[in-house]
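Student: This is the structure, below, for whatever I ask next.
The values are calculated or read from the model by the stated rules, or taken from the named source; none is laboratory data. Bear in mind the structure is a predicted one, so any value in this text is a computation, not a measurement. Here the Cβ is made from the backbone with ideal geometry for all residues, glycine too, and neighbour counts use every protein chain on show. Heads up: the accessible areas ignore ligands, DNA and RNA and are worked out on the full protein's heavy atoms, side chains in. Shrake-Rupley method; radii C 1.70, N 1.55, O 1.52, S 1.80 Å.
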Amino acid sequence: MQIQNDISLKTYNTFGIDVSAKHFVSVSSVEDLKAIFSSEEFPQKLILGGGSNMLLTKNIDALVIHLNLKGKQILNKTDTEVYVESQAGENWHEFVLWTLDKDFGGLENLSLIPGNVGTSPIQNIGAYGVELKDTFHSCKALNLKTLELKTFTNSECKFGYRNSIFKQEAKGHYIITSVVFRLSVKNHDLHTNYGAISSELEHMKVQQPTIQDVSKAVISIRQSKLPDPKEIGNSGSFFKNPIISKASFLKLQENFPEIPSYKVSDTEVKVPAGWLIEQAGFKGKTFGTYGVHKKQALVLVNYGEAKGTEILALSQLIQKTIARIFDINIEAEVNIM
């Protein structure tokens with residue numbers, strides 16, 4: 001391990017925000033991670049994974065630990081299912097492609113989501129009708145107090161919509177080091193009815209889709225709507241889709257008959273935050289070097305040298321406007337630092 005000083009984090013966050021870390025180290029083993037946390041030399045520490053779910057608003061006066069744990073393997077395989085393990089530092093999309101290459105089903109709808117495997121359980125990533133919890137089996141996490149590895153099962157993670165125990169009571173107490181998934185090896189359960197997947201498959205002239213076809217459709221849809229962070233700084237969806245009561249939705253529907261929704265339960269519905277933001281007039285709006293993406297209102301973008309504080313101020317303006325127009329509070333999905 002080599003600890004560096006005053007390192008720019010611009011290439012370590014997908015927003016491309018140019019802030020610096022007072023100290024920086026890349027960790028490639030659990031033993032090195034334990035060594036870092038057993039040392040009292042740097043009392044303030046910050047874990048950095050793929051840098052895809054954060055907005056940096058200031059220089060980090062701490063030791064930034066880049067989690068670079070690599071490796072993936074098949075743990076156990078039967079005629080119907082397989083258990084695969086990925087280390088936390090593996091790129092999420094590359095891991096999904098690895099599973100598809102082996103014809104393991106379950107993650108195809110989650111193709112092209114930015115970030116690393118280790119951060120995926122924290123917010124229970126999801127897309128196109130599928131969430132991480134649907135295939136998650138367990139994960140190992142380092143207890144930062146005892147420096148012992150603990151295994152968390154699916155139920156112990158307390159998954160919710162973009163939520164888990166790691167965003168609640170376990171936040172700041174554990175670092176996920178590896179994740180195990182249970183995937184199918186045949187008779188894959190395809191989810192093609194959410195969003196534009198079905199129409200995209202038709203466009204691809206695919207009548208009997210495979211899991212690889214579904215992945216290609218998802219990638220095509222995402223690429224048509226979402227900017228590539230390598231070209232335009234962004235963190236994907238900035239806001240969560242709000243879940244409101246059915247009574248509140250019916251009241252809203254009186255003033256906004258075209259408002260879309262997805263049933264969550266008999267008493268709750270989910271409203272697309274992107275639709276709300278677009279109706280409020282923010283879609284495609286630019287503010288110098290930053291703004292709201294022209295194709296997807298959920299995505300805030302850094303077109304050049306924007307500051308994190310500027311993008312944060314824009315997100316707060318959007319939240320206030322949505323609350324004023326629709327009486328709905330939308331929450332940020334990204335972590336603000």
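Student: On the basis of being touching a strand residue (DSSP E or B) at 6+ places or on another chain (Cβ under 7 Å), of a type in the set (A, V, I, L, M) and closer than 18 Å to Arg182 by Cβ, does Leu67 make the cut?
Tutor: no
Student: Taking the range 31-59 as the region of interest, how many residues are open to solvent by 30 Å² or more (accessible area, probe 1.4 Å), closer than 25 Å to Ser86 by Cβ and either touching a residue at least 60 places away in the same chain (Cβ under 8 Å) or of a type in the set (Val, Ile, Thr) (or both)?
Tutor: The qualifying residues number 5.
Student: Residues to consider are Lys225, Lys251; find the one that is surrounded by fewer than 20 Cβ atoms within 10 Å (Cβ to Cβ), in contact (Cβ under 8 Å) with a residue 12 or more places away in the chain and not hydrophobic (A, V, I, L, M, F, W, C).
Tutor: Testing whether each residue is surrounded by fewer than 20 Cβ atoms within 10 Å (Cβ to Cβ), in contact (Cβ under 8 Å) with a residue 12 or more places away in the chain and not hydrophobic (A, V, I, L, M, F, W, C) leaves just Lys225.
Student: Can you name every one of the strands (runs of 3 or more DSSP E) wholly within the range 219-337 that holds 1 or more residues which are touching a Leu at 6+ places or on another chain (Cβ under 7 Å)?
Tutor: 290-292, 300-302
Student: Tell me the residue from Phe181, Phe152 that is in a strand (DSSP E or B) and touching a His at 6+ places or on another chain (Cβ under 8 Å), please.
Tutor: Phe181
Let's see how each residue does on (1) open to solvent by less than 60 Å² (accessible area, probe 1.4 Å); (2) within 25 Å of Lys133 (Cβ to Cβ); (3) more than 18 Å from the chain's Cα centre (by Cα):
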| site | (1), (2), (3) |
| --- | --- |
| Phe181 | yes, yes, no |
| Val185 | yes, yes, yes |
| Tyr194 | no, yes, yes |
| Pro209 | yes, yes, yes |
| Gly233 | yes, no, no |
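Student: Within the range 1-81, considering only strands (runs of 3 or more DSSP E) that don't extend past its boundaries, which have at least 2 residues that are under 28 Å from Gly291 (Cα atoms)?
Tutor: Fully inside the range 1-81 and qualifying: 4-8, 20-27, 45-48, 60-67.
Student: Tell me yes or no: at least one residue of the range 256-264 is open to solvent by 10 Å² or more (accessible area, probe 1.4 Å), under 21 Å from the mean Cα position of the chain (by Cα), closer than 25 Å to Ile113 by Cβ and among the basic types (Lys, Arg).
Tutor: no
Student: Separate question: What are the residue pairs meeting all of these: first residue in the range 323-337, first residue more than 16 Å from Gln168 (Cβ to Cβ) and modelled with pLDDT of 90 or more, second residue in a loop (DSSP other than H, G, I, E, B) and of a type in the set (D, E, K, R), Cβ atoms under 7 Å, and 6 or more apart or on different chains?
Tutor: Close Cβ pairs satisfying both conditions: Ile330/Lys240.
Student: Out of everything in the range 281-301 that is small (Gly, Ala, Ser) and within 19 Å of Val334 (Cβ to Cβ), what residue ends up being surrounded by the fewest Cβ atoms within 10 Å (Cβ to Cβ)?
Tutor: So the residue we want is Gly291.
Student: Could you tell me which residue of the range 314-324 is farthest from Ile244 (Cα to Cα), considering only residues that are open to solvent by 20 Å² or more (accessible area, probe 1.4 Å) and in contact with a Phe, Trp or Tyr (Cβ under 9 Å, 6 or more places away or on another chain)?
Tutor: It comes out as Leu317.
Student: Here is a further query. Restricting to the range 79-119, and then to whatever is under 22 Å from Leu33 (Cα atoms) and β-branched (Val, Ile, Thr), can you tell me which residue is surrounded by the most Cβ atoms within 10 Å (Cβ to Cβ)?
Tutor: Ranking the candidates gives Val117 first.
Student: Evaluate the following for Ile175: is it at pLDDT 95 or above and under 19 Å from Leu97 (Cβ atoms)?
Tutor: For Ile175, the condition - at pLDDT 95 or above and under 19 Å from Leu97 (Cβ atoms) - is not met.
Student: Please verify whether the range 149-164 includes one or more residues that are over 22 Å from Leu75 (Cβ atoms), of a type in the set (A, V, I, L, M, F, W, C) and touching a residue at least 12 places away in the same chain (Cβ under 8 Å).
Tutor: No, the range 149-164 contains no residue that is over 22 Å from Leu75 (Cβ atoms), of a type in the set (A, V, I, L, M, F, W, C) and touching a residue at least 12 places away in the same chain (Cβ under 8 Å).
Student: Collect the residues in the range 60-76 that are out of contact with any Asp or Glu (no Cβ under 9 Å at 6 or more places or on another chain) and open to solvent by 40 Å² or more (accessible area, probe 1.4 Å), keeping them in residue-number order.
Tutor: Asp61, Asn68, Asn76
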